[in-house]
Amino acid sequence: MDILTLELLDVTVFQALLELRSLLAEQPGAALRILGEDEMLRINVAGFLEKQGRVARLVQQGPQWELLVAAGAVPASLPASAPPAPAPPAIPPVLLLRSAFAPGDRALGRRLLLETLSHLDSGTPWMGLAHQAVELLEDPLAVAAFEALQARGIPVRVSVASLAHACTGAGTGDGTGAGGFELMADAVWQKLLARGGVTVL
């Protein structure tokens, strides 16, 4: 391996250390021959090299000094195609398939279900109603809970097939969604449900 020569003449300690640092960054592990005259400069350069784990041998030649630095190990670097850090897990949407927690008292089950909705994370992409859950559109307390979700930035969507089957007539034909909520094609939630990509309540 070639020996790199660095002349540190007529420079300040600060300038010398900057030049040395730059050289070590460009040529890590290279053998070095450092020339200088100022004794304070030599002490600082030798101290810097020692902190970098590089051993320097001093050779005095009259007023000049010479530091011979043996080749060192090249620090391992990350591969160019290092995989990116994993992204934080996304919050899945929430799907209601019933109008109350069951079995047990139905009134209690409905109250507990609606209370659970108030604890949904604000990052939830949407909350959907399908199957028996569309019955909740006839409950003013449930509708108020859904409106509170939308106010927090969580869209409420209603299954088209479930709404048609329930024959409530709410929001049909006007394109705005049941009770003012967005209508959702059933394939959307069905695909997510099939691969475990939705939280079912």
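Among the residues that make up region 32-48, is at least one of them within 40 Å of the chain's Cα centre (by Cα) and open to solvent by 30 Å² or more (accessible area, probe 1.4 Å)? Scanning region 32-48 turns up no residue that is within 40 Å of the chain's Cα centre (by Cα) and open to solvent by 30 Å² or more (accessible area, probe 1.4 Å). Any residue at all in region 111-122 that's more than 16 Å from A185 (Cβ to Cβ), of a type in the set (G, A, S) and buried (at least 18 other Cβ atoms within 10 Å of the Cβ)? There is no residue in region 111-122 that is more than 16 Å from A185 (Cβ to Cβ), of a type in the set (G, A, S) and buried (at least 18 other Cβ atoms within 10 Å of the Cβ).
Go through region 148-168 and give me each residue that's part of a loop (DSSP other than H, G, I, E, B), within 19 Å of R98 (Cβ to Cβ) and open to solvent by 50 Å² or more (accessible area, probe 1.4 Å). Passing the criteria: only C167.
The values are calculated or read from the model by the stated rules, or taken from the named source; none is laboratory data. Predicted model, so just to flag it, every value in this text is computed and none were measured. Note: ideal-geometry Cβ built from the backbone for every residue, glycine included; neighbour counts use all protein chains shown. Heavy atoms of the whole protein, side chains included, go into the accessibility calculation; ligands, DNA and RNA do not. Shrake-Rupley method; radii C 1.70, N 1.55, O 1.52, S 1.80 Å.
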